[in-house]
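A.B. asks: Below are the structure tokens for one structure; questions will follow.
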Amino acid sequence: MTYVVYLLVSKSKTRFVSYVGYTNNINKRISLHNNGKGAKFTRGKKWEIIYQKRYKNKSQAMREEYKLKNNRIKRNKLKAEFLIKYENFNTSTL
């Protein structure tokens with residue numbers, strides 16, 4: 001079974017926020033986040049996936065999720081690339 005490490009972004013009132021997680025079913029997990037049934041932090045926001053990477057097993061995915069969560073520089077770089085690509089980002093399109 002493969003696992004996916006992902007980075008989500010959403011716009012709050014004044015800034016963009018991000019969330020990092022891992023799952024073995026990315027489509028179901030994004031749906032849960034956007035329907036208020038995901039992690040408590042993600043409830044009430046509309047999320048767009050901006051990064052995902054597959055891993056062969058759960059332990060490898062968990063290690064990489066931890067690294068991404070604790071690597072603010074990489075997260076911010078991914079968010080910046082997203083914002084450049086989607087200058088007119090609008091949460092109503094999520």
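Any read-out appearing in this document is the output of simple, stated calculations on the displayed coordinates, not a laboratory observation. These numbers come from a predicted model, not from an experiment. Note that we place each Cβ from the backbone using ideal geometry, even for glycine, and neighbour counts take in every protein chain shown.
A.B. asks: Would you mind checking the range 19-47 for residues with the amide N under 17 Å from a putative spin-label position 7 Å along Cα→C-beta of R72?
C.D. replies: From the range 19-47, the list is 19-20.
A.B. asks: Follow-up. What FRET efficiency do you get for R15 and K37 if R0 is 35 Å and r is their Cβ-Cβ distance, rounded to the nearest 0.05?
C.D. replies: After rounding to 0.05, the efficiency reads 0.90.
A.B. asks: Right, next: Output the pairs from K37/K67; K13/K45; K45/K69 with a Cα-Cα distance over 22 Å in this structure; if there are none, say none.
C.D. replies: Beyond 22 Å between Cα atoms: K37/K67.
A.B. asks: Find the relative contact order for the range 3-93 and round it to a whole percent, using C-alpha pairs within less than 8 Å whose residues are 6+ positions apart.
C.D. replies: Relative contact order of the range 3-93: 32 percent.
A.B. asks: Only Cα pairs within less than 10 Å get springs; with that Gaussian network setup on the chain, which residue of E81, E65, E48 has the largest fluctuation?
C.D. replies: Of E81, E65, E48, the Gaussian network model singles out E81 as fluctuating most.
A.B. asks: Would you work out the Kirkwood radius for the chain? I mean one over the mean of 1/r across all pairs of different Cα atoms, in Å.
C.D. replies: In the chain this quantity evaluates to 13.6 Å.
A.B. asks: Amide H to amide H under 5 Å from Y51: which residues, 5+ apart in sequence or cross-chain, H placed 1.01 Å off N in plane?
C.D. replies: Distant-sequence amide H within range of Y51: L7.
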